[in-house]
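Below is one structure, written out as C-alpha cells, with a few remarks after it.
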Amino acid sequence: MSHEVHNPVPIKHKYFTPGVIGLIIIAVNGLVFLMGRFFFGIGAVTNLNNQYPWGLWIGVDVAAGVALAAGGFTTAALGHIMHRDEYHAIVRPALLTAMLGYTFVAMGVFVDIGRWYFIWHPLVMWNGNSALFEVGICVMIYLTVLYIEFLPVVTERFIGKVNLPKFLAGFNKPVDKFLRVLDRGLSKTMFIFIIAGVVLSSLHQSSLGTLMVIAGPKMHPLWQTPILPLLFLLSAVSVGFPMVIFESLIASRSLKLKPEMPVLSRLGSMIAPLLGIYLAFKIGDMVIRKTFVYLVDFNTASVMFTIELLFGVIIPLRMFLSPKVLKTPSLLFTASALVVFGVLLNRINNFVVAYNPPYSTESYFPSFGEISVTVGFVAILVLAYRFIVLNFPVISLPSKTAPQTKYTIRGVK
Amino acid sequence: MSGKSRRDFLKSTALIGAGVTGLTTTAKAGPQNILSEDRMGVLVDTTVCVGCRNCEWACKDAHNLPAGNLEDYEDRKVLDTKRRPGTDALTVVNEYSHGKNSSLPIDVKVQCMHCDHPACVSACIVGAFTKHENGTVTWDTDMCIGCRYCMAACPFQVPAFEYDKALNPMIMKCDFCFDRTKEGKLPACVEICPVEALTYGKRSDLIKIARDRIKRNPDKYVDHILGETEVGGTSWMYLASKDFAELEFPKLGKNPAPGVSESIQHGIFAYFVPPISLYALLGGIMWITKRRKELDEEVK
Ligand code: SF4
Ligand code: SF4
Ligand code: SF4
C-alpha cells in the first residue's frame, strides 16, 4: 500500500472568478425570494396549496439534500471503521460536503415549515409514531455530530497560529492552549462520534423513505411500497461515493489541482456492486408488486420512473463495471454525475411526481420563487465550500514531508 | 484483507436491510389511541340532503369564521364548482348529477371524517393532533410547527393550511364542534340541518340505523356505508344512492392509514435494539480492522 503521502492543506487559489460572481448573483436572487417568504408567507412565493402541501423544497432541499450528503457517512465507514487508510484523502472533503449539505437541509426545513420559530418543538414534543419526528431528531443530532467531526480541521488550522487582533493579543496563548486541550479530547473520543454518525445516517436515511408510506394510495404505485425505507437507504449508500467523485473532480478542475485519480478509481470500483444491490431490490419490488403494468401507460409517472431507473441506475451501473471508465476522468465523472442525477430525480419523484392527491384540479409545478430559493441555496453551498477549502486544511495535496498521522487518522489511532 | 472488510461492510448493510424488511412484516403497530365503545359519530344521508348549505353557514358561525348572511347561501350557483374544505370553510357541500334515474341532484357535505385510526394523529411530528374519547380529532395550535405532514398523510385530503399568513399560519379542519359537544350541545351543522340529513349519535348505533335504512330501501341505497370500514373506520359515515367513487370519495382499503408506516417505525426502533446493535456491530468492525492493521504493521 505504498503511495504518495497526502496532507490536507488550505488550497492557495484566488476566491473570485467569473464563475463565482455568477454564483453570487444566483444566491442573491434566491435570498430575495426567501425574504418574500418570510414577509408574506409561503403562499406568496410557492405554488403549494391544500392539495400539494409539499413541493420542491421538501423534495430537493430536504430529501435529495440528505441523500446527496450521504458521502459523509459512507466514506467515514470506509475510512475510519474499515480503516482503509488509502481513502483518507477523500474523507475530509466528503465530511465537509456532508456538513454543509446537512446545514442546508436544516435551512431548507426552516424555510419550508410554516412556523419556523417553533422549529425546536420536536425536541420537547415527541411523537414516536411519526416518521418525520424520527427524521427530524436524527438530522438534528447528526448535524451536531458532523460539526464535532469537523472541529479537528478547525483546531488544526489554528493551533500554533492563533493570531488575534492587537488589543486581544494577550489571549493568543490561552486560546491556543484551549484549542490544544480541545484537540486532544476530540482525538480520544472521535471514534464515538464517527460510529454514531454512521448509525444516525442509516436511521434517518431510511426513515426518510418511511415518510411517504403513510400517504398510501395518494402515491403512485410505481413508488409506493413498504420497502421504501430500504430503497432509500440503499440508494443513499450507493450515491455516497459517486457524489464524492463528482465533487472531487469538479473541485480539482476549478482549483486547478491534479485529480486524485488513483483514489477515485478505487472508490469507483465499489459503486457497481452497491448500485447492483439497489437495482435488484428496486426491480424485485416491482416484480413482486407487479407494478410493471404501470410502465406501459405513457404518462409523466411512467416516463419519470423509466428515466430514473435507466439513466440513474442501469447506465451508470454498466459504466462503472468497465475498467476504462474507472480510469478516465471524464467518463468517471459522467458515470458519477448520472448516479447523482438518478438519486436526485428519485427523491423528486417520490415526494413530488408520485404524489397524486385525490382532489387536485391541476398538478403542481414549482414556482419561479421556489426554484430560485433552491438554486440559490445550492449556490451558497458551493461558495461556502470554496471558501472553506481555501482557508482550512480539507483537500489533500501530495507532499514530501511525513504525514501528520495525528490529524489524518484522528481518534481511531 | 481489503476484500474482506468490503464484504463485511456489504454484509452489515445487507443485515440492516434484512432487519428493516423483516420487521415490517412482523411488528404490529401499537394502538395509538384508546377507542371508546361509546364514541360518537354522524351519519350523513346524501339521499336526504337538499344542498341548502345551511350547515356551511352554521359551521362558520360556530368557529368565528366570516359567515355572511344565511340568506345568501340560497344561491345555488356556488354548487356549480366543486369545492374542498379549506381555511375559510371547514365544511362544504358539493353537488353531483344523479345520472339516469332521476333529475334530482345529489348533494354531499364534506369535512374531516374523524378517523378511528387517524393518519394525521400518527403523522404529526410534534403530536399536535389528538383523538378524543368521544371520537373527535382535534389540533393544538400551540404545538404545530407548520410542517404540513398531516396534510400529506390524511387519506381524505382534509387539513388545510393558511398559506398566505407569514406569522402563525394555522392548520384548519373540522373539529366536530368539540367545544359544543362538551357542553352537551349538538354539532352546529347537525343542529341547523332542516331536513335531518345529519344524524348525531353513538357510532355503533349509527351503523345499525344505516344498515336498517339500506335494508328497508334496497333500491334507494347502494349497499355500502362509507366510513364503516374505510381506513379502519371513521366517525363520520355516509349513505348514498350512487357508487361513492362517483361522488368523489377516494377509494380506500380497510387497513388503518398509519398501519404500515407505524410498524416500520416501530420495527426500526424496537426498544432501540436495532440502532444499538448497529452501533455495537460497527464498533466491533472498527476495533477488528484496527487490530488487524496494527498486526500488519508489526509484521512489516
Ligand atoms: S380525515 Fe384526515 S384530518 Fe380527519 S381525522 Fe382522518 S386523517 Fe385526520
Ligand atoms: S403542520 Fe402542524 S399539525 Fe400538521 S403535522 Fe406539522 S406540526 Fe403537526
Ligand atoms: S344543512 Fe343539511 S340539508 Fe342543508 S346542505 Fe347541510 S347537510 Fe345538506
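The values are calculated or read from the model by the stated rules, or taken from the named source; none is laboratory data. Being a predicted model, the structure only gives us computed values, none of them experimental. Ideal geometry is used to build each Cβ from the backbone, glycine not excepted, and the neighbour counts take in all protein chains shown. These accessible areas exclude ligands, DNA and RNA; they are computed on the full protein's heavy atoms, side chains included. Shrake-Rupley method; radii C 1.70, N 1.55, O 1.52, S 1.80 Å.
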- [ ] Hey, could you check the range B:49-64 for residues that are assigned to a loop (DSSP other than H, G, I, E, B) and more than 9 Å from ligand 3 (Cβ to nearest atom) and say which is surrounded by the fewest Cβ atoms within 10 Å (Cβ to Cβ)?
- [x] B:Asn64
TODO: Taking only the range B:118-145 into account, find how many residues are out of contact with any strand residue (DSSP E or B) (no Cβ under 6 Å at 6 or more places or on another chain), within 21 Å of B:Thr91 (Cα to Cα) and more than 8 Å from ligand 1 (Cβ to nearest atom).
DONE: 4
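Can you tell which of A:Ala106, A:Ala63 is farther than 22 Å from A:Ile192 by Cα, in the same structural domain as A:Phe191 (by TED's automatic domain parsing), of a type outside the set (D, E, K, R) and surrounded by fewer than 20 Cβ atoms within 10 Å (Cβ to Cβ)? Walk me through it before giving the result.
Working: A:Ala63 fails: surrounded by fewer than 20 Cβ atoms within 10 Å (Cβ to Cβ).
Criteria check complete, one pass: A:Ala106.
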Open item on the list: Of everything in the range B:227-242, what is crowded, with 18+ Cβ neighbours inside 10 Å, more than 14 Å from chain A (Cβ to nearest Cβ) and within 16 Å of ligand 1 (Cβ to nearest atom)? Give them in sequence order.
Closed with: B:Gly227, B:Gly233, B:Thr234, B:Ser235, B:Trp236, B:Met237, B:Tyr238
TODO: Could you pull out the residue among B:Ala245, B:Ala210, B:Ala280 that is among the small types (Gly, Ala, Ser), exposed (fewer than 14 other Cβ atoms within 10 Å of the Cβ) and more than 10 Å from chain A (Cβ to nearest Cβ)?
DONE: B:Ala245
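Just checking, which of B:Glu191, B:Glu133, B:Glu162, B:Glu183 is surrounded by fewer than 24 Cβ atoms within 10 Å (Cβ to Cβ) and within 16 Å of ligand 3 (Cβ to nearest atom)?
After ruling out the rest, the residue left standing is B:Glu191.
Can you confirm whether A:Pro259 is more than 12 Å from every other protein chain (Cβ to nearest Cβ), part of a loop (DSSP other than H, G, I, E, B) and open to solvent by 10 Å² or more (accessible area, probe 1.4 Å)?
Yes; evaluated as a whole, the condition is true for this residue.
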Task: the range B:203-226 residues that are in contact (Cβ under 8 Å) with a residue 40 or more places away in the chain, paired with ones that are of a type in the set (D, E, K, R) (beta carbon under 6 Å, 6 or more apart) - done: B:Arg203/B:Arg39
Open item on the list: Against the definition (among the hydroxyl-bearing types (Ser, Thr, Tyr) and not assigned by TED's automatic domain parsing to the domain that holds A:Tyr359), how does A:Thr17 come out, yes or no?
Closed with: yes
Open item on the list: Need pairs with beta-carbon distance below 7 Å; first residue facing chain B (nearest Cβ under 8 Å) and within the range A:195-219, second surrounded by 24 or more Cβ atoms within 10 Å (Cβ to Cβ) and of a type in the set (Ser, Thr, Tyr); sequence gap 6+ or separate chains.
Closed with: A:Thr210/B:Ser261; A:Val213/B:Ser261; A:Ile214/B:Ser122; A:Ile214/B:Ser261; A:Ala215/A:Tyr355; A:Lys218/A:Tyr355
Task: Which listed residue, of B:Pro274, B:Pro250, B:Pro256, is surrounded by 19 or more Cβ atoms within 10 Å (Cβ to Cβ), at the interface with another protein chain (Cβ under 9 Å from one of its Cβ atoms) and either farther than 30 Å from B:Glu196 by Cβ or within 14 Å of the chain's Cα centre (by Cα) (or both) - done: B:Pro274
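Can you confirm whether the range A:223-236 contains a residue that is of a type in the set (Ser, Thr, Tyr), modelled with pLDDT of 90 or more, touching a Gly at 6+ places or on another chain (Cβ under 9 Å) and open to solvent by less than 50 Å² (accessible area, probe 1.4 Å)? Give the derivation first.
Filtering the range A:223-236 down to residues of a type in the set (Ser, Thr, Tyr) leaves A:225, A:235.
Remaining after also requiring modelled with pLDDT of 90 or more: A:225, A:235.
Next, only the ones that are touching a Gly at 6+ places or on another chain (Cβ under 9 Å) stay: A:235.
Checking the rest, the ones that are also open to solvent by less than 50 Å² (accessible area, probe 1.4 Å) come to A:235.
Within the range A:223-236, one or more residues are of a type in the set (Ser, Thr, Tyr), modelled with pLDDT of 90 or more, touching a Gly at 6+ places or on another chain (Cβ under 9 Å) and open to solvent by less than 50 Å² (accessible area, probe 1.4 Å).
Conditions (1) within 12 Å of A:Pro242 (Cβ to Cβ); (2) surrounded by 21 or more Cβ atoms within 10 Å (Cβ to Cβ), marked per residue:
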position	(1), (2)
A:Thr300	no, no
A:Phe311	no, no
A:Leu317	yes, yes
A:Phe320	yes, yes
A:Phe351	no, yes
A:Pro358	no, no
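For the range A:76-115, what are the residues that are within 16 Å of ligand 2 (Cβ to nearest atom), touching a residue at least 60 places away in the same chain (Cβ under 8 Å) and farther than 17 Å from A:Leu146 by Cβ? Outline the logic, then answer.
Start the filter on the range A:76-115 by keeping residues that are within 16 Å of ligand 2 (Cβ to nearest atom), which leaves A:108-115.
After this cut, where a residue has to be touching a residue at least 60 places away in the same chain (Cβ under 8 Å) as well, the list is A:108, A:111-112, A:114.
Correct list: A:Val111, A:Asp112, A:Gly114.
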Task: Verdict on B:Ala119 being open to solvent by less than 10 Å² (accessible area, probe 1.4 Å), within 20 Å of A:Phe133 (Cα to Cα), assigned by TED's automatic domain parsing to the domain that holds B:Leu247 and in contact (Cβ under 8 Å) with a residue 12 or more places away in the chain - done: yes
Task: Residue match in the range A:304-315 (condition: touching a helix residue (DSSP H, G or I) at 6+ places or on another chain (Cβ under 8 Å), under 29 Å from A:Gly30 (Cα atoms) and acidic (Asp, Glu)) - done: yes
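When residues of the range B:163-179 are filtered for being more than 16 Å from ligand 1 (Cβ to nearest atom) and either within 14 Å of another protein chain (Cβ to nearest Cβ) or farther than 17 Å from B:Thr130 by Cα (or both), how many remain?
Total satisfying the criteria: 7.
Pick out, from the range A:19-112, the helices (runs of 4 or more DSSP H) lying fully within it that include 1 or more residues that are facing another protein chain (nearest Cβ under 10 Å).
Values: elements: A:42-45, A:65-68, A:71-76, A:88-112.
Hits in the range A:19-112: A:42-45, A:71-76, A:88-112.
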Task: Unique match (being in a helix (DSSP H, G or I), crowded, with 23+ Cβ neighbours inside 10 Å and more than 14 Å from chain B (Cβ to nearest Cβ)) among A:Glu134, A:Glu156, A:Glu149 - done: A:Glu149
- [ ] Would you confirm whether any residue within the range A:119-130 is in contact with a helix residue (DSSP H, G or I) (Cβ under 8 Å, 6 or more places away or on another chain) and more than 14 Å from chain B (Cβ to nearest Cβ)?
- [x] no
